[in-house]
Each structure stands twice: as structure tokens, then as C-alpha cells.
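Read the figures in this text as sums done on the coordinates, not as results from a lab. For clarity, every value in this text was computed on a predicted model and none was experimentally measured. Virtual Cβ from ideal backbone geometry, glycine too; neighbours counted across all protein chains shown.
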């Protein structure tokens, strides 16, 4: 992928509407879902800045949101159906 897709933490934060701390929490090294090399890159040294692929992160956020909405909708429907069947049994 071209270097033009990789931006600073500050720029990624502004473009995604998430705080820098939230982006850092989303990284897989912190138990999150953003993967090194795909969504972010660490610098060569411990004090080097991290860069972010905003397009890839947007895609991951969209997928994650859709997955949670689908799971919650399924659970809501199953709970509602169970109580509906119980009321008319």
C-alpha cells in the first residue's frame, strides 16, 4: 500500500472522530481488533510515532459495528420471540 494512506495519530484521530487514546486501545497489542501492518505501523524505535491507515480502520470499524448490530438484533429477536410464545402458550 502506498505511503499516502499512512497518517499520524493526530491526523487519524481527526479523520476518524476517535481520540488518540481510543485508537491506541483498539490496537491488537492492547487486546483490540486493529492489526499491526494492516491498520497501524509502529515506528522503528520505542519513541517513534505510530502511523495509521485510515481507510483500513474505517472498514474495520464498519465491519465491527455491523457484527455487533447483527448479534444484538438476533438476541433481541430471540428474546422477544421467547416471551411472545410464552404469553400465548
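Give the calculated FRET efficiency between residue 25 and residue 4 to the nearest 0.05, with a Förster radius of 30 Å applied to their Cβ-Cβ distance.
On the way: r = 26 Å, r/R0 = 0.86.
After rounding to 0.05, the efficiency reads 0.70.
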Under a crude label model (7 Å from the Cα following the beta-carbon direction), how far is residue 70 from residue 58 in nanometres? 2.1
